[in-house]
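This report concerns only the one structure given below.
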Amino acid sequence: PASEVRARPQSVPLEIEAGARIAVVGPSGSGKTTLLLATADAYGNPTAAGYFAEDAHVFDTTVRDNLLVARGDVTDAEAVAGLRRVGLGPWLDELPDGLATVLVGGAAALSAGQRRRLLLASAVVSRFPIVLLDEPTEHLDVADGPRMLIDLLTPGALFSADRAVVVATHHLPDDLDCTTVTTVADEYPRPR
């Protein structure tokens, strides 16, 4: 990694420069989400940083409407491009009404991997200068997960080089050149 920092969940929020690529790495319960939320709160202005939760809601409405939540003025061409960039092109091509297809039951209409990619497409089409992604490759298969992390953390691959991207994850692929923050859970006394 380019540089590595160790942080406790209650530590100060991350300071993020334009174009930064940061991986927040640690086991479950070590405070990755807490650090991302504290960072989102620190930027105060809701247009400055966008937090995309691991379990973000998928609405029982059209594919298009689910992307409009991230950016209300996204065009159909931008929506299609965003879906294709995260690997949902073949899925979109098979939908009966394309972007106008209603996801009946919301998340229930998608596999776990499709849901994760739809949420990533929302982040891609958003205009936040700082994108905070919580476990973005959860539920992707063993080959796709590392490739997606590399794309997320490589300037210009999924996000333009001027946008900062922070990813919370359990593991990073080898030889990924980005700043790494390793979260360390506090040691709590065990009950006797």
Worksheet item: What 222 nm value per residue comes from the helices of the chain, counting each DSSP H run with n ≥ 4 as -39,500 (n - 2.57) and dividing by all residues, nearest 500 deg cm²/dmol?
Response: -8500 deg cm²/dmol
Discussion item. For a test of the definition: using alpha carbon positions, the gyration tensor, and the 1.5 limit on a/c, classify the range 2-104 as rounded, prolate or oblate.
Written reply: prolate
Worksheet item: Mind checking which of VAL12, VAL131, VAL181 has the largest fluctuation in a GNM of the chain, springs on alpha carbons under 10 Å?
Response: VAL12
Fill in: Convex hull volume of the range 82-183 per residue (C-alpha atoms, cubic angstrom)
111 Å³
Worksheet item: Normalised by the number of residues in the range 92-192, what is the relative contact order in percent for Cα pairs under 8 Å and 6+ residues apart?
Response: 23 percent
Worksheet, complete the sentence: Residues meeting the amide H criterion for LEU14 (H placed from the backbone, H to H distance under 5 Å, 5 or more places apart or on another chain) are THR39
Practice prompt. Enter the angle in degrees (range 0 to 90, nearest 10) between the Cα long axis of helix 32-42 and the first principal axis of the Cα atoms of the chain, meaning the one along which they spread out most.
Written response: 80 degrees
Practice prompt. Using a 10 angstrom cutoff on alpha carbons, build the Gaussian network for the chain and name the most mobile of LEU37, LEU67, LEU119.
Written response: LEU37
Worksheet item: Reported to two decimal places, what Rg/Rh ratio describes the chain when computed on Cα atoms with Rh from the Kirkwood expression?
Response: 0.98
Worksheet item: Residues with amide H under 5 Å of GLY19's amide H, sequence separation 5 or more or different chain, H placed in the peptide plane at 1.01 Å from N; which?
Response: ARG163, ALA164
Practice prompt. Quick one: order HIS139, HIS170 from most to least accessible surface, probe 1.4 Å.
Written response: HIS139, HIS170
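The values are calculated or read from the model by the stated rules, or taken from the named source; none is laboratory data. Fair warning: this is a prediction, and the values are worked out from it, not measured in the lab. Quick note on the areas: whole protein, heavy atoms, side chains included, nothing else; ligands and nucleic acids left out. Shrake-Rupley method; radii C 1.70, N 1.55, O 1.52, S 1.80 Å.
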